[in-house]
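Structure record follows, encoded as structure tokens.
The values are calculated or read from the model by the stated rules, or taken from the named source; none is laboratory data. In this text the structure is predicted, and so the values were computed from the model without any measurement. No Cβ is skipped: glycine too gets one built from the backbone with ideal geometry, and neighbour counts run over all protein chains shown. The area values use the complete protein model at the heavy-atom level, side chains included, leaving out ligands, DNA and RNA. Shrake-Rupley method; radii C 1.70, N 1.55, O 1.52, S 1.80 Å.
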Amino acid sequence: MSELPEKVLIANRGEIAVRVMRTCRELGIPTVAVYSDVDRDALHVRHADEAYALGGQTAAESYLNTAGILDAIARSGATAVHPGYGFFSENADFARAVTEAGVTWIGPPPTAIELMGDKVTSRRTATAAEVAGVPGTLDPVTKPDEVLAFAEEHGYPIAIKAAFGGGGRGMKVVREAASVPDAMESAQREAQAYFGRPEIYVERYLERPRHVEVQIFCDTHFNGVWLGERDCSVQRRHQKLIEESPAPGLSEETRRAMGEAALKVADACGYVNAGTVEFLYQDGEFYFLEMNTRLQVEHCVTELVTGLDLVAEQLRVAAGEPLSFTQDSIERRGHAIECRINAEDPAAGFRPAPGLITKFSRPDGFGVRVDAGYDAGLEVSQYYDNLMAKLVTWGPDRESARRRMLRALAEFEIEGVRSTIPAQMALLAEPAFIEAKHSTKWLEEEVDPALLTAAATAAAPITGGPGPEAGAEPLVARTVPVEVDGRRFEVKVWLPESPEPVGGAVAPAGTRGPRAGRHRSSGHGAGAAGSGDVAAPMQGTIVKTLVAVGDSVEVGQAVVVLEAMKMENHVNAEKAGTVTEVRVSPGDTVGTGDVLVVIS
Ligand code: MV4
């Protein structure tokens, strides 16, 4: 029998939290969401079985609040934590804090996170495993002479990079000796500013590389498998816009060599769980860049090509199970492309465009997958990243996946905020992309910006529904009475300041009940009148039981005191009879519909 976590807390938000919850649901594992003030009604909260407020708006106040998340773990009784990507996913201290609380960390060992989190030690680890990076210094450089000597040996251009950085911030390209001192100084300054450490190192600079990364998976039984690669070369300012698998034009021989190199790196850092090894690829050669010690945004293209659920595999591996596949059992079929649908304005340099989504009509049909973190009526907040959804298409070959993507992008209707869709449609129709002649420099340096501006301007205007102004009205907390099965409760709801609620956009907050998962049957609905099963009308904590087995009770008699939302509620018997079961005791957490007492 397969051992899986009993209850998973997802320390994240948006599409990745929803994506993890979907797999948990398929596997019968209850899920716990955490949420910030602005995410009170977010999609990930609706998908979870239980949800706990972290408070705050910014990431630091909420999804990076260790004490708050640990508290939610304790209160929910979660036995495992999935970090998603971003936030705490590559934070070794958080991983340790979770483990020390006796909870399973669904991710790699903290030591592997640390080894790969710093580019100097990760390059050393790769080099020790005989996986070459771009030729460069293994130790940080401090004097211009060291850099000049390197350049004399390897030739210009060279890249000066932040040792403890990532994402390309602080990278300086130098094409002549005279520029070395200034470039070093500014690279050090930026490294200090971005990453809090000034150390820099040097590499030969590749002019037109492609970004190709390998998905690997390792278990605790020393099995390691590579699942194929992804080409993520369509980027701007290190934000990926389109990803695909397999990488076009890669020979089977290179693919296998890359996969094996990725596994050597994983081995060398004692890796367990899902990971990605990034390479720069140019002229048939590949060079180790860095390793990402998390499940990545673009993991879905690998899922479509291999048919494997990577989150399910993460749960198995975290529970100590061996991998469910072997290197020889992996079959890669066809081609998958992913577009990151961001709330950004492509006509304004992909400037973030947060706001209220007034229409969100998703594409579907054969070969189309949408992983969305938003829906109509929800607001893309300035506090978090702009990813609204991932649109992924599969086809038997690259061209059919590309055409299917164009079809699906055209079907996707988003109003209220600007999106990257028009830009992606224009890019996918470009000859350089169709012929796969693009590189990491393509979008920023080779594509005519007028193409993106024209596409975005021609796209539908940002109208529909009440418009951003109406939705932008601030919400205020009000305590209002509600009736649940004829019983009165006071609940706190967040309503627009104006006396008349707009549209009904806020109705779900008041009517959905306190954080009840929408898939959960309430148990006290149909046929509840006169039922002997006394069920919790809402999620909460049992304060007191007022009856014992054998007691006789009257209709309407209080049998349990339930604390929910800082209020004590009496839960009453709906029929007269004798108590045959008391299923809860003080301190227990119960969910909506859980049976508390049985009367016959
Ligand atoms: C490079 C490079 C060319 N030569 N290193 C940018 C992100 C960081 N992780 C590494 N980056 C690069 N390093 C050498 N020696 C070009 C890039 C680069 C890049 C790499 C991957 C994906 C997109 C990129 C966009 C611009 C530059």
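What to note about this one:
- Per-residue Karplus couplings for the range 106-118, computed as 6.51 cos²θ - 1.76 cosθ + 1.60 with θ equal to phi - 60°, are listed in order as 8, x, x, x, x, 5, 5, 4, 5, 4, 8, x, 10 Hz, Gly and Pro entered as x.
- Three-way shape call for the range 319-451 based on the alpha-carbon gyration tensor, with the a/c threshold at 1.5: oblate
- Counted over all Cα-Cα pairs of the range 296-347, pairs farther apart than 15 Å make up 59 percent.
- Shown is the FRET efficiency for residue 437 and residue 40, computed with R0 = 60 Å from the Cβ-Cβ distance and rounded to the nearest 0.05: 0.80.
- From the C-alpha gyration tensor of the range 85-161, square roots of 5λ in Å: 35, 12, 10
- Chain lengthening between residue 149 and residue 267 when straightened (0.36 nm per residue, less Cα-Cα): 39.1 nm
- 3J(HN,Hα) along the range 390-400: 10, 10, 10, 10, 10, x, x, 8, 4, 5, 6 Hz, from the Karplus curve 6.51 cos²θ - 1.76 cosθ + 1.60 with θ = phi - 60°, whole Hz, x for Gly and Pro.
- For the chain, the convex hull drawn through the C-alpha positions has a volume of 162 cubic angstrom per residue.
- Charge dipole (debye, nearest 20) of the range 65-120; +1 at Cβ of Lys and Arg, -1 at Cβ of Asp and Glu: 120
- Apolar share of the accessible surface for the chain: 50 percent from carbon plus sulfur atoms, 1.4 Å probe.
- Probing with 1.4 Å while keeping every protein chain in the model, the per residue accessible area of the chain equals 42 Å².
- Measuring between alpha carbons in the structure, the pairs from 359/441; 119/240; 7/264; 161/264 lying more than 26 angstrom apart are 359/441; 7/264.
- Computed extension length for residue 67-residue 169: 33.7 nm, one decimal, from 0.36 nm per residue of separation with the Cα-Cα distance subtracted.
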